[in-house]
Amino acid sequence: MFAFTHLLGINLMPRIRNWRNLVMYRPDRSAKYMHINSFFTDTVNWSQIETHWQDLMQVALSIQAGKISSPMLLRKLGSYSRRNKLYHAAQELGCVIRTIFLLKWIGSRELRQEVTANINKIESYNGFSKWLSFGGDVIAENDPDEQQKRLRYNDMIASSVILQNTVDMMRILQKLARDGWQFTDDDVSFLSPYLTSNVKRFGEFNLSLKRPPEPWIKDSIFQQAAGSMRAKQMPNSKVEEAN
């Protein structure tokens, strides 16, 4: 994963708890480091990476072009790992990138805090969307298109509930401000839109396309937020039209 995300220009920043159990690699046998020399227990095989560098780049370009999915690639490489030289080359490159990341991870408390905070957000969203998908964790359909639909439907429902939760919280904050309560942006940053206690998962859900929009949609604060999102998406739209 470290190897191919690096080749694709992705800066992989996972949360690593038991980093002491991972192997760190020296660039060569003669490299010695003050204070942290004992961390390094193996050496990088640069010749293997150099020999298969073009193959690694071709695989990365195939992933980028959508000709092969990364999960399928990892499964194939892992199945033939003992005799697959490309797998070993990718493993060597991944060890280099992971060693660099581990050194940054150990040396920067800010990096550890940032990564942990962002991963906590992702895990919170995953738990939230899983709670909304109350039909079960396993998608019974074998058709990839149907599986994709199920995932997108679940994301759409999650996004809708997040929007409504955000609206409800903003209304409460506006009422508190009118009543004289004082709070800062830092206070608001502790709020989460992944609320479930106010959501009715079971029962009848009636969709009326003739129902008039709710008044909050025309509220200035939400209009500003919508305008900001449209402005961010505008350059991408122009690029797509040019293509």
### Query
Could you work out the helix-only [θ] at 222 nm for the chain, with each DSSP H run of four or more residues adding -39,500 (n - 2.57) and the total divided by the number of residues, to the nearest 500 deg cm²/dmol?
-19500 deg cm²/dmol
### Message
Please arrange 170, 24 by how many other C-beta atoms lie within 10 Å of their C-beta, fewest to most.
### Response
170, 24
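Could you work out how much longer the chain between residue 103 and residue 231 gets when fully extended? Use 0.36 nm per residue separation minus the Cα distance between them, nm to one decimal.
Difference between extended and current length: 42.2 nm.
Could you give the dipole magnitude of the chain about its Cα centre, charging the beta-carbon of Lys and Arg +1 and that of Asp and Glu -1, in debye to the nearest 20? Intermediate results must be reported in sequence, preceding the final value.
Numbers: 32 positive and 24 negative charges, 96 e Å.
So the magnitude is around 460 debye.
Set the Förster distance to 30 Å, then compute FRET efficiency between residue 207 and residue 124 from the Cβ-Cβ distance, nearest 0.05. Mind showing how you got there, number by number?
Numbers: r = 28 Å, r/R0 = 0.93.
Between residue 207 and residue 124 the formula returns 0.60.
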### Helix 144-178 axis, angle to the chain major axis (alpha carbon atoms, nearest 10°)
60
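Could you compute the FRET efficiency for residue 166 and residue 34, with r as their C-beta to C-beta distance and R0 at 30 Å, rounded to 0.05?
Details: r = 51 Å, r/R0 = 1.69.
Plugging the Cβ-Cβ distance into 1/(1 + (r/R0)^6) gives 0.05.
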### Query
Relative to the Cα centre, what is the charge dipole magnitude of segment 2-107, using +1 at the beta carbon of each Lys and Arg, -1 at the beta carbon of each Asp and Glu, and rounding to the nearest 20 debye?
360
### Task
Mind checking which of 189, 163, 174 is farthest towards the positive end of the chain's charge dipole, using Cβ charges of +1 (Lys, Arg) and -1 (Asp, Glu) about the Cα centre?
189
### Query
If one takes the longest principal axis of the Cα atoms in the chain, at what angle in degrees, from 0 to 90 and to the nearest 10, does the Cα axis of helix 85-107 lie?
70
### Query
So between residue 143 and residue 183, what do we pick up on full extension, going 0.36 nm a residue minus the alpha carbon distance?
9.4 nm
### Residues listed by number, segment 192-210, amide nitrogen under 17 Å from residue 131 label point at 7 Å toward C-beta
192-203
### Query
After finding the eigenvalues of the alpha carbon gyration tensor for the chain, what semi-axes result from the square roots of 5 times each, listed largest first in whole Å?
44, 26, 19
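Laboratory data are not the source of any read-out in this text; all were calculated from the coordinates shown. Bear in mind the structure is a predicted one, so any value in this text is a computation, not a measurement. Neighbour counts are summed over all protein chains in view; Cβ atoms, including those assigned to glycine, are modelled from backbone coordinates with ideal geometry.
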